[in-house]
Each structure stands twice: as structure tokens, then as C-alpha cells.
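The block underneath contains the structure these notes are about, expressed in C-alpha cells.
The values are calculated or read from the model by the stated rules, or taken from the named source; none is laboratory data. For clarity, every value in this text was computed on a predicted model and none was experimentally measured. FYI the Cβ positions are ideal-geometry reconstructions off the backbone, even for glycines, and counts take in every protein chain you see. In case anyone asks, the SASA skips ligands and DNA or RNA and just uses the protein heavy atoms, side chains included. Shrake-Rupley method; radii C 1.70, N 1.55, O 1.52, S 1.80 Å.
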Amino acid sequence: MKKGILLMAAAATMLLTACSKGVREQIDFEVVTKDVKQPLTEEKGAPECQLHFQILQAAGNKSEQAKAINRHIVKKIFDFDGDIAINAAVDSFANRYVGDYLRTLRPLYREERGDEKRHPWYEYRYSVTTEVQDGREGVAVYLITLDCFEGGAHGINQLLTLNFDVKTGKLLTLRDVFVKGYETPLNELLLEALEKHVGVTDLKGLRENDYLYSMDIFASEHFILGEDGITFVYNPYEIAPYAKGKTELTLSYDALKDLLQ
């Protein structure tokens, strides 16, 4: 890392308490944290790039269960393949991000630093925080909140999800949850749920409210296998413009009974 970078890294073990279904008895998690603050130049008051990571990893990295879980976490957050330790993935991503920030923005800022109105555009922020929740029996739900600002009119906030079989560490996808040919009937249920969410009765009403303006409904890959139903998470721009924010649609297991494996 270049001179001027302030790194504060810590790793602490956080054992999650047992719950009635035993999900957290079967998987212990520990938290890896890292904070980075990099001024764009050495001048006083220069814009900064700030990174924050608080990532839960499965403890006992030698077990197949833990390795499988951590591999999927690294892939989802950083798009890295292979058995890369989470702390190593965090370091690699942070180094690359800060390097790109300096290389790309420093020359531009030096040309525009006299314009105070442009100063905020160079204040970059990238934050990843995570939590684990109990899902339906035998499932651990892993939630990732990504919050970043990289210039422009506004930042981006996303909720990403992973659902793990607590016994094996297997990542559960839509194809693991639903029977073959689920797509059309599931989309119909999701469309009905979205209409109810918006308070309209048809696709025309949705589009008048800026939903599904140039697309059809689909089952989001970011879903939560909850105790009573499945929640599908749609982040900004996926089915509606940024101003609508995040949309969550929950379908009960009873409503889905003919589609579930």
C-alpha cells in the first residue's frame, strides 16, 4: 500500500448463540473486519477513499462445511474463485480498489481541485457488512449489505443473499428449492405479489408506477428461505428506478406448495 494509507485491521471471534432449531449450533461464525482510509493527495482536506469490511466467515476453515460456505461468500462479495481465505480476499480487493482510486482519480482531481463543487465527487465510499439469520429448518441465511458511493448523483445500496444447508455448507439455489418447470407459475405469483405491494391490479398499473417499465417479472437470485415463506429481494434498478429503493416480495410456503421440492 502507498504512503498515507491508514489501515486498521482486526479479527475477532464471534460465536453465534444456539437457537431452538440448532442452526447456529452447527455453524460457528467469526468476524473479519478491516478499515481503510486513503487520501487522494497529500494536501490537507483532500478527498478520501474509505473502505469498511465486516464479514462473517464460517469458523474451522479445515472442515469441508466451512470451506464450502466461505468459498461462496468470497465469490458473492468479491467475485474471486477458489479456496481463498476471506481475510486474504479482503486485503486483495482493498489494495486493488485503492490503487485504482489513486491511479484514475488523482490526475483528474489535480485539474479540478479549485472547484469546491466537484470535491464531493471524489469522496469514495465502499462498505460491506454481513449478518446471519435462522431460515427454515436446516438453513442458515447469510445477508450481505453493500453500500458504496463512487461519484455521481447518489450512491448504491444493495442487499445480497446466500442460503446454506447447515449440514453440508451447500449453497441452495432456486433450482434446489423448486421443482422443474417452476419459472412460469412462480413468476405469476410474484407478479400478483408485486401488484399487491404497489396497490394496483394489473401490469399497466405497475408500469404507471414505474415498475417493470421495460422488463418482465423474474425470480430474483437474492432470496431468503425464511421460516414461514420465501422473500425475493429486488435491488434498485432491477425492477424499478433508483427512487423506488429496494423491493421485497414474500410468498408463503403454502402459496408455493405445488412448486417446492
Exception for G4 within (1) modelled with pLDDT under 50; (2) open to solvent by 60 Å² or more (accessible area, probe 1.4 Å); (3) out of contact with any helix residue (DSSP H, G or I) (no Cβ under 8 Å at 6 or more places or on another chain) falls at (2)
Which of the residues that make up the stretch 137-164 are within 20 Å of L256 (Cβ to Cβ), surrounded by fewer than 18 Cβ atoms within 10 Å (Cβ to Cβ) and touching a strand residue (DSSP E or B) at 6+ places or on another chain (Cβ under 7 Å)? G138
Of the conditions (1) surrounded by fewer than 18 Cβ atoms within 10 Å (Cβ to Cβ); (2) over 19 Å from H119 (Cα atoms), R103 clears all except one; give me its number. (2)
Being farther than 30 Å from D228 by Cβ and in contact with a Pro (Cβ under 8 Å, 6 or more places away or on another chain) narrows it down to one of E43, E116, E111, E48, so name that one. E48
Residue in the stretch 46-60 that is over 20 Å from the mean Cα position of the chain (by Cα) and open to solvent by 40 Å² or more (accessible area, probe 1.4 Å) present: yes
Report every pair of residues separated by at least 6 positions or lying on different chains whose Cβ atoms are under 9 Å apart, first residue within the stretch 117-135 and among the basic types (K, R), second open to solvent by less than 30 Å² (accessible area, probe 1.4 Å) and outside any strand (DSSP E or B). R118/Y109; R125/G155
If you take the residues of the stretch 74-88 that are out of contact with any Phe, Trp or Tyr (no Cβ under 7 Å at 6 or more places or on another chain) and of a type in the set (A, V, I, L, M), which of them is nearest to V32 (Cα to Cα)? I86
Candidates Q65, Q54, Q38 - the one that is under 29 Å from E137 (Cα atoms) and at pLDDT 95 or above: Q54
Reported set for the stretch 182-208 where residues are free of Cβ contacts under 8 Å to residues at least 12 places away in the same chain and either more than 22 Å from D258 (Cβ to Cβ) or open to solvent by 50 Å² or more (accessible area, probe 1.4 Å) (or both) is T184, E188, E192, K196, G199, V200, T201, D202, K204, G205, R207, E208
